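Read the figures in this text as sums done on the coordinates, not as results from a lab. Fair warning: this is a prediction, and the values are worked out from it, not measured in the lab. Positions of Cβ are generated from backbone atoms using ideal geometry, with glycine treated the same way; all protein chains shown enter the neighbour counts.
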Amino acid sequence: MLVESSSRSPQESRNEYPLENDHLAELLLYNMRHVQGHTSQLNLLLGPGAELSEPVCIRLALSERRHLVYDRPLTIEQILTMLAATPSRLADLTEGLPPAQLLASPKPGEWSARDVLAHLRACADMWGKYIVEILSEDRPTIKAVNPTSWIKKTDYREQEFKPSLQAFTTQRAGLLAVLKPLALDAWSRMATVRGAGKPRERTVYTYAQWLANHERSHIKQIERIVNTMRT
């Protein structure tokens with residue numbers, strides 16, 4: 001099984017990872033409590049006048065939550081299965097839902113199904129692009145672009161849901177056509193990624209793993225949105 005792990009600063013996580021409204025409340029609460037415990041330990045060690053603030057604790061918890069979600073170990077077979085299943089799973093979940101409800105937010109300030117799909121497409125654009133670059137060049141240098149910045153250059157959040165899902169499905173077929181034939185050692189091909197703190201090494205496996213784990217959480221989010229709309 002090919003797996004990777006890494007440690008990232010909160011700043012690096014903000015630049016490489018999109019900030020998401022994925023409603024993982026229980027996981028976030030656990031992480032905040034976990035970080036708060038270590039914050040107290042650090043305050044004791046550092047002594048008076050060196051206390052870590054609550055906002056720092058929250059930022060660390062958010063960073064750790066993203067690490068847990070994105071870096072969950074997967075086999076290559078699991079990655080391919082999960083990536084292949086995402087478009088059809090989204091289609092099944094939203095089948096029969098009127099177009100207006102796919103564009104509507106369940107509550108003020110929350111994402112609609114269209115918003116989640118737009119976010120998934122932006123992430124697939126960036127991370128899929130990096131995969132192709134790593135496979136096309138010998139250890140390329142890549143400038144990280146956060147998908148939440150990239151999406152502002154697209155019209156994904158304005159597109160109707162079904163055409164947007166079809167575009168996502170077509171794009172996913174293209175990515176799988178690249179990934180499925182890869183030899184095992186090709187998954188370990190590397191790039192140096194800049195623009196997210198200090199330069200980091202990322203592999204084909206890294207970005208495919210992130211996509212699979214990231215989409216898994218948002219599929220659950222869309223399921224919650226759709227269930228709310230159907231009631």
Checklist entry - Which Cα, out of 217, 101, 183, lies furthest along the positive dipole direction of the range 73-230 (beta carbon charges, K/R +1, D/E -1)? => result 217
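Ranked highest first by average number of other Cβ atoms within 10 Å, how do 185-192, 174-181 line up?
Values: 185-192: 16.0, 174-181: 13.5.
Going by the mean number of other Cβ atoms within 10 Å, highest first, we get 185-192, 174-181.
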Checklist entry - Just for the Cα atoms in the range 73-230, what are the lengths along the principal axes, largest first, rounded to whole Å? => result 48, 31, 25
Checklist entry - Using a simple charge model, +1 on the beta-carbon of Lys and Arg, -1 on the beta-carbon of Asp and Glu, nothing else, what dipole does the range 73-230 show about its Cα centre, in debye to the nearest 20? => result 380
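Please give the peptides 125-133, 75-83 ranked by average Cβ packing (other Cβ atoms within 10 Å per residue), highest first, as a rough proxy for protection.
Working: 125-133: 19.4, 75-83: 15.9.
Output ranking for 125-133, 75-83: 125-133, 75-83.
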Item to check | Cα-Cα over 29 Å, subset of 129/162; 162/198; 152/180; 107/129 | outcome: 162/198; 152/180; 107/129
